1. Can you tell me which residue is farthest from the chain's Cα centre (by Cα) among those in the stretch 245-287 that are in a strand (DSSP E or B) and of a type outside the set (V, I, T)?
2. Return yes or no: is I194 assigned to a loop (DSSP other than H, G, I, E, B) and either among the hydrophobic types (A, V, I, L, M, F, W, C) or crowded, with 18+ Cβ neighbours inside 10 Å (or both)?
3. How about the stretch 21-42: which of its residues are at pLDDT below 95 and hydroxyl-bearing (S, T, Y)?
4. Quick check on the stretch 11-25. Is at least one of its residues in a loop (DSSP other than H, G, I, E, B), free of Cβ contacts under 8 Å to residues at least 40 places away in the same chain and β-branched (V, I, T)?
5. How many of the residues making up the stretch 191-229 are over 19 Å from P248 (Cβ atoms) and in contact (Cβ under 8 Å) with a residue 12 or more places away in the chain?
6. Starting from the stretch 104-132, keep only residues that are within 16 Å of Q38 (Cβ to Cβ), then list their pairs with residues that are acidic (D, E) whose Cβ atoms are within a distance under 7 Å, requiring at least 6 positions of separation or different chains.
7. Quick test of your reading of the structure: P369 fulfils all but one of (1) modelled with pLDDT of 95 or more; (2) more than 19 Å from A326 (Cα to Cα). Name the failing condition by number.
Amino acid sequence: MSQDRKRGVLVFADGTCFEGRIFGAEPKPGSFGEAVFQTAMSGYQEILTDPSYRGQIVCFTYPLFGNYGVNREDLESAKAWLSGVVVRDLTEIPSNFRSTATVDEFLQEQGVSGITGVDTRAVVRKIREGGAQTAGIFAVGAQYNAADLAAQVAARPPMDGLNLVRDFDASAPRAFVTRYISDKKIDTKKLTPIAVLDFGIKYNILRELIHQGFYPHVFAGDTPLAAQDGFNADDYAGFFFSNGPGDPAVVQHGIANIAKLIDTAKPCLGICLGHQMLALALGAKTYKLKFGHHGGNQPVKADYRKQVIITSQNHGFAVDEASLKAAVSGSPAKFEINANDLSAEGFRIVGGRYKILSVQYHPEAAPGPRDASVVFSEFRSLFAQG
């Protein structure tokens, strides 16, 4: 770590401080967000650009950060959405033939602050014991007033009750679909049109949908469908509800949109935030997890699979399983659970009035294991059923 970097400090609302050095954009006056930890050992570029991390300061548990640089091909959205980055050791000179910039340069360009040289094991322990909580990254001198900085952090709103998807207008992912189909020279006439509600979608989800033979037409998720130009449910063979950040229960327009679309009896797939909102549209409830699931090693088991699958996950809220089972009682529903803490991980209702697949984890990975990619082909199979 270069000693030439400005001194910095990660501060929690209770006054706990972790000192280090600032990289990326300088926090002015500070960078604030919900502090969470991410356990993946690689794929930091995909994490930095995952819209689901909007409003969060992410502490990476793997000690080496930035060792392979960044490139334009591995972005998961048009920009970095997270509020800050906390790492143990920042690599100053990356080594990878695909690298076009350092992480430091990328975060400066994106206006995101980071702090390196931090005891990340101690930060993770604090979050595990105290739960996900608001924190701030500050540039400081040799002397600083920890109480004053903690007061600034405490004044920030918690993640509960925050609607963080309103600004996703679908223009960037819509442009990505057009560019990707053109670059791959895909005949759009051979693709099945589906409508995608964007709550903060990752690009690899769009790639996976296209690979399954779909043409994803992307619309803003939290804008009433009747107010969006070009939307007509009859034009689409099915519907997809994307991942995204924040509290699902407050995204009222999005929940109402999903409720209308699942009642068409056409195939529907929800991922992460989309899964939570789909459950809410059915009458279930959601709740805040203590410190969430953020990593590429989460085991999931289902009552219809013979094996546990290892999944990539990133969420701070979950569906209340008891309320979900009550909401869909009488239907041919099947469920998935997290093998670690038994929280709800997904459900499917195929039969009766619905054709629904819904998962809390990320079958598109990016980064993470590929065990769950079968979800996309399962979604495709619903279109062949009467």
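1. Checking each candidate, the answer is C268.
2. Details: assigned to a loop (DSSP other than H, G, I, E, B): no; either among the hydrophobic types (A, V, I, L, M, F, W, C) or crowded, with 18+ Cβ neighbours inside 10 Å (or both): yes.
No: the conditions fail for I194.
3. S42 - this is the single residue of the stretch 21-42 that is at pLDDT below 95 and hydroxyl-bearing (S, T, Y).
4. If we filter the stretch 11-25 for residues that are in a loop (DSSP other than H, G, I, E, B), which is where we start, we get 13-16, 25.
Cutting the leftovers down to free of Cβ contacts under 8 Å to residues at least 40 places away in the same chain gives us none.
No, the stretch 11-25 has no match at all.
5. Filtering the stretch 191-229 down to residues over 19 Å from P248 (Cβ atoms) leaves 191-195, 203-204, 206-218, 226-229.
When the remaining residues are screened for being in contact (Cβ under 8 Å) with a residue 12 or more places away in the chain, the result is 191-195, 203-204, 206-218.
Result for the stretch 191-229: 20.
6. Listed by first residue and then by second, the contacts come to T116/D89; A132/E34.
7. P369 satisfies every listed condition except (1).
Here's the yes/no breakdown for (1) more than 23 Å from T223 (Cβ to Cβ); (2) acidic (D, E):
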residue: V251; (1), (2): no, no
residue: G254; (1), (2): no, no
residue: D263; (1), (2): no, yes
residue: P267; (1), (2): no, no
residue: L282; (1), (2): no, no
residue: K301; (1), (2): yes, no
residue: R305; (1), (2): yes, no
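The values are calculated or read from the model by the stated rules, or taken from the named source; none is laboratory data. Computed from a predicted model, the values in this text were never measured in an experiment. Reconstructed Cβ throughout: ideal geometry from the backbone, glycine too, with neighbour counts over all protein chains shown.
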